[in-house]
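Read through the structure below, which is laid out as C-alpha cells, and then see the notes.
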Amino acid sequence: MASRLDSSFADEVAVVTGGGTGLGLEVSRGLARRGATVVIASRNAAHHAPLLEEARAHGWRVEAEIVDVREAASVRAAAERVLARHGRVDMLVNNAAGNFVCPAERLSSNAWRAVLGIVLDGTFWCSQAFGRAMIERRQGRILNVVATYAWTGMPGVVHSASAKAGVLAMTRTLAVEWARFGVRVNAIAPGPFHSDGAQQNLWPDPEAERAIRERIPLGRFATREEVAAQCLHLLGADSAYITGECLVIDGGASLGQGLWEPGARFTRKRAPAEGGAA
C-alpha cells in the first residue's frame, strides 16, 4: 500500500459529484490519499473506472454511485444508499458541471435547461439531501465550485454564468442558514486550468488558449493540483472558522487590468498655459 501524504481526513466520508474526471478527480484523489472514504457520483460509470482502479492499487477507500444530479429523486436515493453504508457524510463537494460557448441569442431552451439543471438544480438537490444528514449530526462541510464570471459576466456562457451566480447565492444563503447546525458552506472560483473538458469546450485551439493566457497577470493557467489543494484547504480543519466565503483561484485574471500595461512608461502632456505673454 502506498503511504499517505498525511491523515488529515482519516475516517471521514466525502461525496464528490463529477468526482471521476477533471477537478473532481483531483479532489477525490487528494481526499482519498489523506484517509477519507470517497464516494464519486456521476451519471457515467465509465468516468468512475480509472479512479477505482487507482484506489485499488494504492489501498484507498473509494466507491462510486450512478447519480443524475438533475433529478431530485436520483440524488435522494444515492444519499440514502451512502448513508446506509456509512452512517454519515462529513463532506460534500458539488463539482458536477456542464459548459460550452454559445452566443445568448442562439442558445436553445434545451441547452439552457441542461446547464442549469446540472449546475444549479444539482447543487441544491445534493446540498439538501446530504445537508439534512449533516444537520442531524450537527456538523459537516459543503464546497461548491463556481466561476468568477458569476459576478463579472462573460460573453458566450450566459447559461453557465447564470447558474454559477445562483450557486454563489446559494452558498452564502446556506452558510448563514446552516451555521447554527455546525455546517460550513463555501465555494471556490477557479480561473482557467488545464483539463480535457475545458480545452474542448472553452479554448479548442491554440490561438484561443493563447489569448486567454495573455489576460492572466501570472501568465499561465493553473494546474488541477493547485486548484484541488485549495479545495482541500477549505474542507480541512484549518478553515473551521470560514463559511460563506468564495475563494478565487485565477492568477489575478478577474482583477481590473487598468488603462495601461504594468511597467509601461508614459509622459504626461502639459496643459497649455493660460493667457498670452506679458
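Values in this text are rule-based calculations from the coordinates and carry no lab data. Remember, predicted model here, so these are calculated numbers, not experimental data. Cβ sites come from the backbone with ideal geometry, for glycine too, and all protein chains shown count toward neighbours.
Odds and ends about this structure:
- Cut-off 13 Å between beta-carbons: net charge of the residues surrounding residue 177, Lys and Arg +1, Asp and Glu -1: +4
- Relative exposure of 105, 53, 71, judged by other C-beta atoms within 10 Å (fewest first): 105, 53, 71
- Folded to 0 to 90 degrees: helix 122-137 orientation relative to the chain principal axis, Cα: 50
- When the chain is treated as a Gaussian network with alpha carbon springs shorter than 10 Å, the biggest mean-square fluctuation among 28, 254, 108 belongs to 108.
- Each of 223, 171 was scored by other Cβ atoms within 10 Å of its Cβ. Listed from fewest to most, they are 223, 171.
- Of the trypsin sites (Lys or Arg not before Pro) in region 46-138, the ones in a loop by DSSP (not H, G, I, E or B) with at most 11 other beta carbons within 10 Å are 138.
- Using alpha-carbon coordinates, inclination of helix 72-86 to the longest axis of the chain, degrees: 60
- As a calculated quantity, the FRET efficiency between residue 176 and residue 212 at R0 = 35 Å, using C-beta atoms, amounts to about 0.50.
- By other beta-carbon atoms within 10 Å, ranking 250, 238 with the fewest at the front produces 238, 250.
- Per-residue ellipticity at 222 nm, computed for the chain from helices alone with -39500 (n - 2.57) per DSSP H run of at least four residues, works out to -12500 deg cm²/dmol.
- Proximal charge balance of residue 69 [Cβ under 12 Å; K/R count +1, D/E count -1]: -1
- Between 0 and 90 degrees, the angle of helix 49-58 with respect to the longest Cα principal axis of the chain falls at about 70 degrees.
- Extending 7 Å from Cα along the Cβ direction at residue 242 and again at residue 54 yields two label points whose distance is 2.3 nm.
- Seen from residue 244, the other residues with C-beta closer than 12 Å to its C-beta sum to a net charge of 0, counting Lys and Arg as +1 and Asp and Glu as -1.
- Gaussian network model of the chain, springs between alpha carbon atoms under 10 Å - residue of 211, 187, 73 with greatest fluctuation: 211
- Span from the region 77-141 Cα centroid across to the region 52-76 one, whole angstrom: 14
- Computed over the chain: relative contact order in percent, which uses C-alpha pairs under 8 Å that are six or more apart: 17
- Gained length - residue 44 relative to residue 220, 0.36 nm times residue gap less alpha-carbon distance: 60.2 nm
- Residue with peak Gaussian network fluctuation, the chain [Cα springs, cutoff 10 Å], from 227, 101, 248: 101
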